1. Could you count how many residues in region 731-745 are open to solvent by 50 Å² or more (accessible area, probe 1.4 Å), farther than 21 Å from residue 139 by Cβ and either touching a Lys or Arg at 6+ places or on another chain (Cβ under 7 Å) or not in a strand (DSSP E or B) (or both)?
2. So residue 706 ticks every box in (1) open to solvent by less than 70 Å² (accessible area, probe 1.4 Å); (2) free of Cβ contacts under 8 Å to residues at least 60 places away in the same chain but one. Which box is left unticked?
3. Of the residues in region 406-446, how many are more than 30 Å from residue 216 (Cβ to Cβ) and either touching a Pro at 6+ places or on another chain (Cβ under 6 Å) or in a strand (DSSP E or B) (or both)?
4. Filtering region 156-202 down to residues that are of a type outside the set (Asp, Glu) and part of a helix (DSSP H, G or I), which residue is surrounded by the most Cβ atoms within 10 Å (Cβ to Cβ)?
5. Among the listed residues 493, 451, identify the single one that is farther than 30 Å from residue 600 by Cβ and open to solvent by 50 Å² or more (accessible area, probe 1.4 Å).
6. Under 6 Å by Cβ, and 6 or more places apart or on different chains, what pairs join a residue from region 563-575 that is over 12 Å from residue 516 (Cβ atoms) with one that is outside any loop (DSSP other than H, G, I, E, B) and charged (D, E, K, R)?
7. If I filter region 344-365 for residues that are in a strand (DSSP E or B), within 17 Å of residue 419 (Cβ to Cβ) and in contact with a strand residue (DSSP E or B) (Cβ under 8 Å, 6 or more places away or on another chain), do I get at least one hit?
8. Find all pairs meeting these conditions: Cβ atoms under 7 angstrom apart; at least six residues apart or on different chains; first residue within region 53-66 and under 20 Å from residue 118 (Cα atoms); second residue of a type in the set (A, V, I, L, M) and open to solvent by 10 Å² or more (accessible area, probe 1.4 Å).
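The values are calculated or read from the model by the stated rules, or taken from the named source; none is laboratory data. All of these numbers come straight from a predicted model, not from anything done at the bench. Glycine gets a Cβ as well: all are built from the backbone with ideal geometry, and neighbour counts include every protein chain shown. These area figures cover heavy atoms from the full protein model, side chains too; ligands, DNA and RNA do not enter into them. Shrake-Rupley method; radii C 1.70, N 1.55, O 1.52, S 1.80 Å.
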Amino acid sequence: MKHLFLTTFFLCAIISGYGQNRVTLSGYVKDSANGEALASCNISVEGSKSNTVSNSYGFYSLSLLPGTYNINFSSSGFEAITISINITQNETRNIDLARMVEEMKGVTITVKKKDNQVEKVDMSTNDLNISQIKKIPAFLGEVDIIKSVQLLPGVSTVGEGATGFNVRGGSIDQNLILLDEAPVFNSSHLFGFFSVFNPDAVKDVKLIKGGMPAMYGGRLSSTLDVRMKDGNTKKFEVNGGIGIIFSRLSIEGPIARKNLKIKNKSSFIIAARRSYIDALAKPFMKKNSNLKDAIFYFYDLTAKVNYTFNANNKIFLSAYVGRDVFGAPGAKFDWGNKTTSFRWNHLFSKKIFSNFTIYYSKYDYQLGFGSGKNTFEWKSDIVNYSAKTDFTYYINPKHTLQFGLISTYYIFSPGKAVSEDEGNTTEFGLPKKYAMENAVYLENEQKVNLKLTIRYGLRFSNFNYLGKGSALILERNEFAKRSLVVDRIEYNKQNEVIKSYYNPEPRFSANYRLNKSTSLKLSYNRMAQYLHLISNTAASVPLDVWTPSTNNIKPQLADQVAIGYFKNIGKDIDYELSAEVYYKELQNQIDYIDGAELLLNSQLEADLLNGKGRAYGLELYMRKNTGKLTGWISYTLAKSERKVDGISQNQWYNNRFDRRHNMNITGSYELTKKWSVSASFVLGSGTPTNLPNTKYSFQGIQGIPQNASDLRNNVTIKPFHRLDISATYIRKKTAKRESNWVFGVYNAYKRKNPFSYYTRPDPANTTQTQVVRYAVIGSIVPSISWNFKF
């Protein structure tokens, strides 16, 4: 770490020497209506190559020679403005942008913006703001962040009702999901039908699939960065909605008292959701004695407050708690997330922006059976505490330096069970595991000339598997059978290092502009992941267990290279086009022996196998930004494979989440001032699964199926396709009040998309075997919801 900061210091000193005669224009860009910070706002100087983009907190910094300039500020969905300034010394200028007027003579107007996707060095990145997400038809009419992400190129899911999402051939645990910088370990409610993010509390969403900036790490496939609203600093505002299965409400506004001078300095937001499926279903279950006392609901609560001390210091405090609860007489099952993050923005100078963050995150589940004196309860969780700091140094127009460090402490509770039998209590389970993950990074974005921009850097990560605990010494079986435990070494001191890993993670991206509207991009990144989700199901379930890298479980590694072509069409960037190809190699991928015992197994590591993977594909994306009709079309051609010694005859086999073809079409059309319609169509190849290809009979009584070829994922499920439609009626829209009705139809043509196949004996002939196709949803699902704002 010492060498990193010495290197940073000397690099800054050398580069900054080129800009000693310059002055700095800096400040924050905000929404004039509510004071929310505007990220990714384009700031450019007319007649100059100097330009920059506001960061996630709305801060910008421009280094200029003394003189008079016209500075342009533009952001999607907002009126662009130009300010004239005569700058002779460092100056602060905060900018408020007004939202675009939506209608003029029946035509939708959009802002003329800079060629962001062409100009920026970022690639394999998709930005969605909440207004775009709200236009997408959703299940039961409820706006959903994760479902929206699944419509982007390179993103897929194994089927309806599956938790999480898969990116470029990776498993769901290879996605880092952040809520105001705190990780969320399970992103779904109701077994994958809804996400944990309340849309009324979300400001914007960014998905990064490749060309990963050095500040991100810890997962192989992607980072989903979800940013909450800060809260309206201008006025009090109430948002909400009432739907078929749950309702939501959010309140936001400034925090001010007449005797305190804190006007426009502090604000808050509180958002809550609660489903009422159980209340609606209860009248229909009273006649069933087994279900009349059943409970099944979910809820979440999101809150945030911020305070600006002065021009150089601002703090944020965010919190989230959410839970799913299912139960019936004699059984109960619940799970949920909790996160808290505290952030401090500090300006060391007009050129150096810093953010200090501490956060807490927890995911846990509980399972219980029985009643009275005969019960069984089981609990499991993962907790982490983290501190990080990030710096951005705007050295001069050609160089922007980012550097920082992060340290995270993990506590894993694989499982603790308590059994009571006629008053006799027995406790058993697995001991807790501990780990510490650290990383430092340094990255420079350099504008080599008017055509070429490059970003290069290094992230160096370290992971320590800690005591108290034991380390199994295994003798591996080359035939993919359970490994032999030959010894067990005990570590009795708390936080004693059992095993350490170190990984350099280089990052590189380049953007070469062919002309004003076209560019070519290239990226490479190495990622290291030290956490592993233990699951052998088709899609993750709440009972899955997280485990750290140990002396037997090696960190997962991935190397990815991507090349892309980006094109903007039209005076106002009416269309955005992109085509990307990628290739990714993965090391130390976990698989399982046949018959692996994954829960409450003290020798779990003996049931795990280590293999390698590869994924490659083509992603095409076209987006229409202007006019009455807006939306996008994405198509992905991809392949994802694994190879594990002893499995599938030592051959490459398709991942369970491999989907060869995947197309998504999403559009919204404004019919009148009051009515708009939206539609979403998805079409994808089926995913692989296992099915027996032969059978044998025992004493002529029953055919017993088996996979004689010993090939993993030997069958492909039938293709997946679905059409969702919705219509929005704006009942009222003024400066103070908004009200609209959303009518939706999910699965409009009643498609029974198969989620999986399984076999069972034929009831008519027990010597024969039936293949059963299981569909989660097989009918049309209508919905209606009322949304309001005042």
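1. Residues of region 731-745 that are open to solvent by 50 Å² or more (accessible area, probe 1.4 Å), as a first pass: 731-738, 741, 743.
Right, trim to farther than 21 Å from residue 139 by Cβ and you get 731-738.
Next, from what is left, pick out any that are either touching a Lys or Arg at 6+ places or on another chain (Cβ under 7 Å) or not in a strand (DSSP E or B) (or both): 734-738.
Number satisfying all stated conditions: 5.
2. The single condition residue 706 does not satisfy is (1).
3. At the first step, the residues of region 406-446 found to be more than 30 Å from residue 216 (Cβ to Cβ) are 415-431.
Right, trim to either touching a Pro at 6+ places or on another chain (Cβ under 6 Å) or in a strand (DSSP E or B) (or both) and you get 415-421, 424-430.
So the count comes out to 14.
4. Residues of region 156-202 that are of a type outside the set (Asp, Glu), as a first pass: 156-159, 161-172, 174-179, 182-199, 201-202.
Applying the additional criterion that residues be part of a helix (DSSP H, G or I) yields 172, 174, 190-192, 199, 201.
Numbers: 172: 25, 174: 25, 190: 19, 191: 16, 192: 25, 199: 22, 201: 29.
The selected residue is 201.
5. Details: 493 fails: farther than 30 Å from residue 600 by Cβ.
Sole residue among the options that is farther than 30 Å from residue 600 by Cβ and open to solvent by 50 Å² or more (accessible area, probe 1.4 Å): 451.
6. Every condition considered, the pairs that remain are 564/521; 564/580; 575/624.
7. First, pick out the residues of region 344-365 that are in a strand (DSSP E or B): 344-347, 352-365.
Imposing the further condition that a residue be within 17 Å of residue 419 (Cβ to Cβ) reduces the set to none.
No, the conditions are met nowhere in region 344-365.
8. 54/38; 54/39; 55/39; 56/39
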